[in-house]
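Taking it in order: structure first as structure tokens, then the write-up.
The values are calculated or read from the model by the stated rules, or taken from the named source; none is laboratory data. None of these values were measured; they are calculated from a predicted model. Here Cβ is always computed from backbone atoms with ideal geometry, including for glycine, and neighbour counts include all displayed protein chains.
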Amino acid sequence: IHSAVKLNNGVLMPWLGLGVYKAEAGEEVKQAIHTALAAGYRHIDTASFYNNEESVGEAIRETSVPREEIFVTTKVWNDDQGYDETLRAFETSRQKLGLEVIDLYLIHWPVSGKFVDTWKALEKLYAEGKIRAIGVSNFLIDDLEDLMKHTEIKPSVNQVEWHPRLVQTELQEFCQKHGIQVEAWSPLGRARLLDEPVLTELAEKHGKSAAQIILRWDLQKQIVTIPKSVTPERIKQNAAIFDFELTDEDIKKIDALHTGERYGPNPADF
Ligand code: A2P
């Protein structure tokens, strides 16, 4: 069983999760979740936008792993932002997943003019015990400041694009100062970074793959990470990151790969 970080409200969140963006609803995503659970993952990250919540829920209800051992994240989509809309969207997600309680519910993108009311709905759902922790995704420092100025509860998590080309150090420092855990989506840079010589050299040095080097780098930087894969061998490989350690020197080499390049949308455009 993988280790976990204690969020700012005391809830434990496993450092490693399975991302299921672009994992197809039905057998593909169900198989990925069963493989992941067998490999020791206890954390699944989905979203209403991924259109696979029903299958994710089915897999979680099918497995012999107890529900309380699995940390499940889903997210409210942009079109559903606003107070009443979010309450409805949450209920839809909860029903699709077929789960009583969601471990982490995130605002998927910082839609300007909407996210404060959306957050107030999350606060209500949290107070009612339907969600164990609430957070945001793709929020910039300005968005976080704006949110915290106008609402009561601080986010537990900010899930952002984070990989060796996008090392958001200033954002991480801001989040740390406010007790917000940073989580990496597309930690492997959508697999586009795996041939990078710095990473393949470190891979050789440690007897690991470039993917494992990146994921270990996340852990040592205290970033929760959710690599996506539907390939059994890769799902297992991505979990074998708890048995080696990068040196400070190794970590600096990876940090230096930063260019600021994004593979996904820029949150400033929302
Ligand atoms: P697949 O799902 O076909 O196995 P990210 O999480 O950064 O967005 O990366 C996801 C992409 O990386 C997917 O295309 C996934 O492919 C691929 N991938 C995941 N793990 C590995 C790995 N260990 N080695 C190579 N490719 C991987």
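Couple of notes before you dig in:
- Residues that are in a loop (DSSP other than H, G, I, E, B) and over 27 Å from residue 138 (Cα atoms), drawn from region 243-270: 243, 244, 245, 246, 247
- When residue 24 is tested against (1) out of contact with any helix residue (DSSP H, G or I) (no Cβ under 8 Å at 6 or more places or on another chain); (2) surrounded by 22 or more Cβ atoms within 10 Å (Cβ to Cβ); (3) closer than 20 Å to residue 77 by Cα, exactly one condition is not met: (2).
- Screening 94, 132 for residues that are without any contact (Cβ under 8 Å) to a residue 40 or more places away in the chain, more than 18 Å from residue 23 (Cβ to Cβ), out of contact with any Gly (no Cβ under 8 Å at 6 or more places or on another chain) and crowded, with 20+ Cβ neighbours inside 10 Å leaves exactly one candidate, 94.
- Residue 234 being of a type in the set (Lys, Arg) and more than 9 Å from the ligand (Cβ to nearest atom): no
- Test for residue 209: is it within 16 Å of the ligand (Cβ to nearest atom) and among the hydroxyl-bearing types (Ser, Thr, Tyr): yes
- No other residue among 38, 47, 4 is under 14 Å from the mean Cα position of the chain (by Cα), modelled with pLDDT of 95 or more and surrounded by fewer than 17 Cβ atoms within 10 Å (Cβ to Cβ) apart from 4.
- The set of residues in region 20-48 being under 29 Å from residue 80 (Cα atoms) and touching a Pro at 6+ places or on another chain (Cβ under 6 Å) consists of 42, 43.
- Within region 189-206, tally of residues that are in contact (Cβ under 8 Å) with a residue 24 or more places away in the chain and either within 13 Å of the ligand (Cβ to nearest atom) or under 18 Å from residue 37 (Cα atoms) (or both): 6
- Looking across region 23-43, just one residue is over 11 Å from residue 60 (Cα atoms), away from the ligand (no atom under 15 Å from the Cβ) and in a helix (DSSP H, G or I), and that is 38.
- Residue in region 250-258 that is exposed (fewer than 14 other Cβ atoms within 10 Å of the Cβ), more than 14 Å from the ligand (Cβ to nearest atom) and under 29 Å from residue 35 (Cα atoms) present: no
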